[in-house]
Every structure is written in structure tokens, then in C-alpha cells.
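Everything on this sheet refers to the single structure shown next.
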Amino acid sequence: MGPTLARLRRTRGLSLDELSLRAGVSKSMLSQIERSQANPTVAVVWRLAQALEVGLAELLGETTDPDEPHLLSVP
């Protein structure tokens with residue numbers, strides 16, 4: 001999820017500070033998530049999705065392409 005979060009934040013022109021304020025998540029936590037050094041709770045993921053105005057699936061990197069593997073697929 002980290003690289004997806006960083007990409008979404010950058011494409012919206014948001015700094016870590018701005019996203020932190022919008023989502024109510026500390027800058028240090030955001031930085032750790034973006035670097036894949038922390039696993040956020042469901043509540044944090046929800047707040048980030050709301051702040052970025054995206055669905056949970058998009059933030060979690062789930063694809064709709066049937067040829068690409070899904071992060072959340074069950075074998």
C-alpha cells in the first residue's frame with residue numbers, strides 16, 4: 001500500500017503535512033506507511049482513503065484488470 005499511497009498523495013499535489021491534517025494521521029506514520037515500514041489499521045486506511053477521495057480498493061492497490069494479481073484475492 002505504501003507506494004500507492006505515495007503516488008496518490010503526489011498526484012493530488014499534497015505534502016505529508018497536508019495529508020496528515022486532512023486524514024488526522026501523524027506525518028511520521030504517513031512516512032512509515034509510504035516506506036512500507038508500518039502496517040496501518042483499518043481505521044487509518046479508511047481515513048486516508050477519505051482524505052484522498054478514493055475507494056479502499058484503489059488505496060490498497062487492488063486492480064480491476066483480470067490478468068493482474070489482486071492483493072486481496074483469496075486463492
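The values are calculated or read from the model by the stated rules, or taken from the named source; none is laboratory data. It should be emphasised that the depicted structure is a prediction, and the values quoted were computed from it without experimental measurement. Heads up, the Cβs are rebuilt from the backbone with ideal geometry, glycines too, and the neighbour counts pull from every protein chain shown. Ligands, DNA and RNA are excluded from the accessible area calculation, which covers all protein heavy atoms including side chains. Shrake-Rupley method; radii C 1.70, N 1.55, O 1.52, S 1.80 Å.
As a rough guide to protection, the peptides 33-41, 17-25 ranked by mean Cβ packing within 10 Å, highest first, stand as 17-25, 33-41.
Proximity of backbone amide H atoms, modeled 1.01 Å from N, is registered between Ala38 and Ile33 at under 5 Å, excluding neighbours fewer than 5 places apart on the same chain. With all protein chains kept in place, the per residue accessible area of the range 10-60 amounts to 62 square angstrom at a probe of 1.4 angstrom. In whole percent, and with a 1.4 Å probe on the protein chains, what portion of the accessible area of the range 2-66 is carbon and sulfur? Roughly 51 percent, rounded to a whole number.
In order along the range 43-52, the Karplus-derived 3J(HN,Hα) couplings, from 6.51 cos²θ - 1.76 cosθ + 1.60 at θ = phi - 60°, round to 4, 5, 4, 4, 5, 5, 4, 5, 5, 8 Hz, and Gly and Pro are given as x.
Across the range 23-36, coupling constants 3J(HN,Hα) worked out from phi with the 6.51/-1.76/1.60 Karplus curve, θ = phi - 60°, read 9, x, 10, 4, 4, 5, 5, 4, 4, 5, 5, 4, 8, 6 Hz, and Gly and Pro carry x. Here the Karplus curve 6.51 cos²θ - 1.76 cosθ + 1.60, taken at θ = phi - 60°, turns the phi angles of the range 5-17 into couplings of 4, 4, 5, 4, 4, 5, 5, 8, x, 9, 7, 4, 4 Hz, with x standing for Gly and Pro. Among the protein heavy atoms, those of Leu60 account for about 50 Å² of accessible surface (1.4 Å probe, every chain in place). In this structure Arg47 has an accessible area near 90 Å², from a 1.4 Å probe over the protein heavy atoms.
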